[in-house]
């Protein structure tokens, strides 16, 4: 029995509707540290306008954003700041790692630069480039929008990335013996004390 | 046509009359003098009075792996006179185990952060500096990274952070 | 987890034992801190009593990298220092390297490097003033500036393939010579830029709100500027008439007719005006240079064994082949003397110099970058005492502190 619906009525699942709203109004939190920050600003400027894709305002407060774009290299001194801001953001939240330095450390394989923020944060989308062109960043946001549409939030399916996150932890290199200094890291202290049990050693899982 | 800076003969003569013969050399139109650490502050004070009012840079070179080096650390002071455009490089050599020089902050306020950076990256102590603490590296960092015996990739400090997963927070 | 705390957060150490003073942490993540700076402000209501700047949140070990990369590889790293005018850093690095090695450039190369350095200066001042506008609330000004920067990026992209982070210069020359298309684009830019500059000036220069926010704020006297090591527009706005392009001419600056822009007030408004006027002077230099571009080779000759020869020379002359071999094999390279030298250029931000120690090998033994931003950031507490919280943003913007150059 076909139902005649008037033109201004849409039927959908709540999941898809929520995902559609969320993906089309991603407000970025620009965590711009270095050169990629300039390309991020250029993406938001008038020639490659990011506002077309729903990223209308670059809110600098983590409490008002859902997308954190880490643009630029993250050094040891800055990483706790980055992690604190990630924890301050409300769910649902996504993270784009923009540029080679944020994804893998880039040109800077030095004592101070973290070799990829995905060692310490869950990342949803990587944008290669040094710096990536604004079109590449826009493509990344479009791909993230597709990802958000697929992996809903009502049922919490994005939390299914736990297995993927675990595998990434195995990439932490241990060529030289780590000088483990747990004095600042309560989580590390927990893990180290958990070593006395049958828990797997840090960095290999 | 590289620019030739104005000659420094008058300055070098006054320096020589005050402190005797100096170790002066020139390279590509730049004049460098080497002074001992014991007179470095006085020489720099004298140079400031002679007109070198702009301190361009304070830096250090670690000569650990340099062929033919006699001392480990060479501090470099780059001075400029804004009125006459003269430039002079003053070098002071110090050694392990406790490399220490007197701070020039009383002469040029610009030296404040430049000396902090040399302390941070090389471990050279500046006596008389009002606030000698690390500038670039975190406070808890233990080593002096720009020394030649510190590896480029560090000693694992860049991996020591807690890992946040999707489930946390 | 704790962010590194400093002693300034304990009132006793800072000497502020008055309980009505409160501490505000400004950054390192804040829209007005141009990337990662941190200032710990001690405030009495809205008035700043003290400001302790903290840096190091972007320290990536550039100077240590300089000891491991060759001179032509390191130019990619210098791009990432003052990342709003990368060409200026490339030119400064290679000027320093060529001074150490004693290489004289061809006339065409000097003109080319001058043109790209001045385009980089335009790009830097556009963003710097744009950021001052943005931070004080003028969003349209920022967008106009960014649009012109896109035109400059287009020129750079036509020239060498990259919008910014170009790594354009090489020892003895440049990586790509100017093509007629590039020359045409620069000519068009020179024709169209003055109109945009006029529009931008109409928006802000006599705007009552902007003038009230920036005039008299963050005053730097001439003696303080010299004593604290300020150079570039920050110093020139305080009356220090020092410009390395005129005082120690390098590249082709002697051939051009331009003026050095100075002001006496030393406040934020003076710095803004100096930068706007400098953009006009830079445009004059570019216009003169592009019309008088000498013909000839952009790279030095093969006999100097410094710049890579062209493919035609490699395949058809024996000198080209030998030169290419000598430069490409890692145990040969060019002859680097065991000496130390310092060379400075007038970067858009100030005196950008490199102190390079050579040890005979193909990479520097020590590559020290003398960053103007460090000394300007050290000026900040001196400038801000007694002003209000909203002035913090205006002063920080006017100093044009680039965190990557600051921290290296």
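The values are calculated or read from the model by the stated rules, or taken from the named source; none is laboratory data. Being a predicted model, the structure only gives us computed values, none of them experimental. Methodologically, a virtual Cβ is constructed for each residue, glycine included, from the backbone with ideal geometry; neighbour enumeration extends over all protein chains shown.
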Residues that are assigned to a loop (DSSP other than H, G, I, E, B) and buried (at least 18 other Cβ atoms within 10 Å of the Cβ), drawn from the range A:115-128: A:115, A:116, A:120, A:121, A:122, A:123, A:124
Taking the stated definitions as given, is residue A:56 within 19 Å of the chain's Cα centre (by Cα) and in a helix (DSSP H, G or I)? no
Residue among B:25, B:14, B:40 that alone is away from chain C (no Cβ under 14 Å) and either under 30 Å from residue B:98 (Cα atoms) or over 24 Å from the mean Cα position of the chain (by Cα) (or both): B:40
Exactly one of A:28, A:92, A:6 is crowded, with 24+ Cβ neighbours inside 10 Å, farther than 30 Å from residue B:154 by Cβ, more than 8 Å from every other protein chain (Cβ to nearest Cβ) and out of contact with any helix residue (DSSP H, G or I) (no Cβ under 6 Å at 6 or more places or on another chain), and that one is A:28
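Residue-by-condition table, conditions (1) touching a strand residue (DSSP E or B) at 6+ places or on another chain (Cβ under 8 Å); (2) outside the structural domain of residue C:294 (by TED's automatic domain parsing); (3) farther than 26 Å from residue C:75 by Cβ:
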{"position": "C:151", "(1), (2), (3)": "no, no, no"}
{"position": "C:176", "(1), (2), (3)": "no, no, no"}
{"position": "C:205", "(1), (2), (3)": "no, no, yes"}
{"position": "C:220", "(1), (2), (3)": "no, no, yes"}
{"position": "C:248", "(1), (2), (3)": "yes, no, no"}
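Residues checked against (1) within 19 Å of residue C:404 (Cα to Cα); (2) at pLDDT below 90:
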position	(1), (2)
A:37	yes, yes
A:48	no, yes
A:52	no, yes
A:57	no, yes
A:66	no, yes
A:70	yes, no
A:91	no, yes
A:99	yes, no
A:112	yes, yes
Surrounded by fewer than 19 Cβ atoms within 10 Å (Cβ to Cβ), farther than 22 Å from residue C:65 by Cα, within 7 Å of another protein chain (Cβ to nearest Cβ) and touching a residue at least 12 places away in the same chain (Cβ under 8 Å) - does that describe any residue in the range B:85-106? yes
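Starting from residues that are in contact with a strand residue (DSSP E or B) (Cβ under 6 Å, 6 or more places away or on another chain) and either in contact (Cβ under 8 Å) with a residue 24 or more places away in the chain or within 12 Å of residue B:6 (Cα to Cα) (or both), keep the ones in the range B:69-84 and report whichever is nearest to the other protein chains (Cβ to nearest Cβ). Write out each step before concluding.
Going residue by residue through the range B:69-84, those that are in contact with a strand residue (DSSP E or B) (Cβ under 6 Å, 6 or more places away or on another chain) are B:71, B:73-80, B:82.
Still in the running and either in contact (Cβ under 8 Å) with a residue 24 or more places away in the chain or within 12 Å of residue B:6 (Cα to Cα) (or both): B:71, B:73, B:75, B:77, B:79-80, B:82.
Values: B:71: 14, B:73: 11, B:75: 12, B:77: 11, B:79: 11, B:80: 9, B:82: 5 Å.
My answer is B:82.
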Would it be correct to say that residue B:115 is in contact (Cβ under 8 Å) with a residue 40 or more places away in the chain, buried (at least 22 other Cβ atoms within 10 Å of the Cβ) and more than 27 Å from residue C:102 (Cβ to Cβ)? yes
Considering only residues that are within 11 Å of chain B (Cβ to nearest Cβ) and in contact with a helix residue (DSSP H, G or I) (Cβ under 7 Å, 6 or more places away or on another chain), which ones fall in the range A:63-81? A:74, A:76
List, please: which pairs have Cβ atoms under 6 Å, are six or more places apart or on different chains, and start with a residue in the range C:359-386 that is free of Cβ contacts under 8 Å to residues at least 40 places away in the same chain and end with one that is in a strand (DSSP E or B)? C:370/B:57; C:370/C:353
All but one of (1) without any contact (Cβ under 8 Å) to a residue 60 or more places away in the chain; (2) in contact with a helix residue (DSSP H, G or I) (Cβ under 9 Å, 6 or more places away or on another chain); (3) within 23 Å of residue C:65 (Cβ to Cβ) hold for residue A:99, so report the exception by its number. (1)
Could you check the range C:182-252 for helices (runs of 4 or more DSSP H) lying wholly inside it with 1 or more residues that are closer than 30 Å to residue C:386 by Cβ? C:208-214, C:222-227, C:233-236
Which members of the range C:134-155 meet the condition of being away from every other protein chain (no Cβ under 13 Å) and part of a helix (DSSP H, G or I)? C:155
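I'd like to verify a number: residues in the range A:63-114 that are in a helix (DSSP H, G or I) and closer than 24 Å to residue A:135 by Cα, how many? Steps first, answer last, please.
Residues of the range A:63-114 in a helix (DSSP H, G or I): A:63-64, A:79-88, A:100-104.
Then keep just the ones that are closer than 24 Å to residue A:135 by Cα; that gives A:100-104.
Going through the range A:63-114 one residue at a time, the tally reaches 5.
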With respect to residue C:352, determine if the residue is under 22 Å from the mean Cα position of the chain (by Cα), modelled with pLDDT under 90 and either surrounded by 24 or more Cβ atoms within 10 Å (Cβ to Cβ) or more than 26 Å from residue C:300 (Cβ to Cβ) (or both). no
Checking residue A:17 against (1) away from every other protein chain (no Cβ under 11 Å); (2) assigned to a helix (DSSP H, G or I); (3) in contact (Cβ under 8 Å) with a residue 24 or more places away in the chain, the condition it does not meet: (3)
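Would you say residue B:66 is more than 14 Å from chain A (Cβ to nearest Cβ) and either surrounded by 18 or more Cβ atoms within 10 Å (Cβ to Cβ) or out of contact with any helix residue (DSSP H, G or I) (no Cβ under 7 Å at 6 or more places or on another chain) (or both)?
Numbers: more than 14 Å from chain A (Cβ to nearest Cβ): yes; either surrounded by 18 or more Cβ atoms within 10 Å (Cβ to Cβ) or out of contact with any helix residue (DSSP H, G or I) (no Cβ under 7 Å at 6 or more places or on another chain) (or both): yes.
Judged against the criteria, residue B:66 is a match.
Go through the range C:263-307 and count every residue that is part of a loop (DSSP other than H, G, I, E, B) and farther than 27 Å from residue C:192 by Cβ. Step through it out loud before you land on a result.
If we filter the range C:263-307 for residues that are part of a loop (DSSP other than H, G, I, E, B), which is where we start, we get C:263-267, C:292-301, C:305-307.
Of the ones still in play, those that are also farther than 27 Å from residue C:192 by Cβ are C:263-267, C:296-297, C:299-301, C:305-307.
Going through the range C:263-307 one residue at a time, the tally reaches 13.
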Looking only at the range B:118-137, which residues are over 22 Å from residue B:39 (Cβ atoms) and surrounded by 20 or more Cβ atoms within 10 Å (Cβ to Cβ)? B:120, B:121, B:135, B:136, B:137
So residue A:139 fits all but one of (1) within 30 Å of residue C:162 (Cα to Cα); (2) not in a helix (DSSP H, G or I); what number is the exception? (2)
Filter result (surrounded by fewer than 23 Cβ atoms within 10 Å (Cβ to Cβ), under 30 Å from residue C:46 (Cβ atoms) and more than 10 Å from chain B (Cβ to nearest Cβ)) within the range C:356-387: C:380, C:381, C:385, C:386, C:387
From the residues in the range A:106-145 that are more than 14 Å from chain B (Cβ to nearest Cβ) and without any contact (Cβ under 8 Å) to a residue 24 or more places away in the chain, which one is farthest from residue A:92 (Cα to Cα)? A:136
